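The values are calculated or read from the model by the stated rules, or taken from the named source; none is laboratory data. What you see is a predicted model, and the numbers here were worked out from it, not measured in a lab. Note: ideal-geometry Cβ built from the backbone for every residue, glycine included; neighbour counts use all protein chains shown. Keep in mind that these areas ignore ligands, DNA and RNA; they rest on the heavy atoms of the full protein, side chains included. Shrake-Rupley method; radii C 1.70, N 1.55, O 1.52, S 1.80 Å.
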Amino acid sequence: MMEEPYYRLHAFCCTNVRPEQHPRGSCARKNAVALRDYLKKSAKEKGIDGVRINASGCLDRCELGPVMVVYPEGIWYRYENESDVDEILEQHIEGGKVVERLKLEVEDGP
Ligand code: FES
């Protein structure tokens, strides 16, 4: 029998930074650090149990950034502002419903 996981959900938000002129860009140059901090703070304020919001290094989808990936589902999102973060938090992280509007498909690329 499978044990209950320590966290029911993990969100990994890329906060990698590259030099300004790097051809692939980087999530931190597109406000990822502030948005990840906002997501973490909002999740804490809502008192959502069993979830962990982590900063991550490069997830290798830099051109699409800022990106995050949510497990256990393995759903990827591109998010641009606090309103996008609110939607991901309320609908998916809290409610378990994928935000189709912000979801990245496997085949999405640069
Ligand atoms: S810099 Fe964010 S995915 Fe590479």
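Quick check on my filter: what residues within the stretch 58-77 are among the aliphatic types (A, V, I, L, M) and either more than 9 Å from the ligand (Cβ to nearest atom) or open to solvent by 40 Å² or more (accessible area, probe 1.4 Å) (or both)? Working first, answer last.
Just the residues of the stretch 58-77 that are among the aliphatic types (A, V, I, L, M), to begin with: 59, 64, 67-70, 75.
Hits for the stretch 58-77 are Leu59, Met68, Val69, Val70, Ile75.
Give me the pairs: first residue in the stretch 57-70 and without any contact (Cβ under 8 Å) to a residue 60 or more places away in the chain, second residue near the ligand (Cβ under 6 Å from one of its atoms) and in a loop (DSSP other than H, G, I, E, B), beta-carbon distance under 6 Å, and six or more apart or on different chains, which are they?
What qualifies is Gly57/Asn16; Cys58/Asn16; Cys62/Ser26; Val67/Leu59; Val67/Arg61.
Which residue, of Ile48, Ile53, is open to solvent by less than 50 Å² (accessible area, probe 1.4 Å) and within 11 Å of the chain's Cα centre (by Cα)? Lay out the reasoning, then the answer.
Numbers: Ile48 fails: within 11 Å of the chain's Cα centre (by Cα).
Testing whether each residue is open to solvent by less than 50 Å² (accessible area, probe 1.4 Å) and within 11 Å of the chain's Cα centre (by Cα) leaves just Ile53.
Inside the stretch 1-57, can you point out the residues that are away from the ligand (no atom under 16 Å from the Cβ), among the basic types (Lys, Arg) and under 20 Å from Ile75 (Cα atoms)?
Kept after step one, since they are away from the ligand (no atom under 16 Å from the Cβ), are these residues of the stretch 1-57: 1-10, 38, 40-52.
Now restrict to residues that are among the basic types (Lys, Arg): 8, 40-41, 44, 46, 52.
Answer for the stretch 1-57, where residues must be away from the ligand (no atom under 16 Å from the Cβ), among the basic types (Lys, Arg) and under 20 Å from Ile75 (Cα atoms): Arg8, Lys40, Arg52.
Identify all residues within the stretch 18-45 that are open to solvent by 20 Å² or more (accessible area, probe 1.4 Å) and of a type in the set (Ser, Thr, Tyr); write none if there are none.
Tyr38
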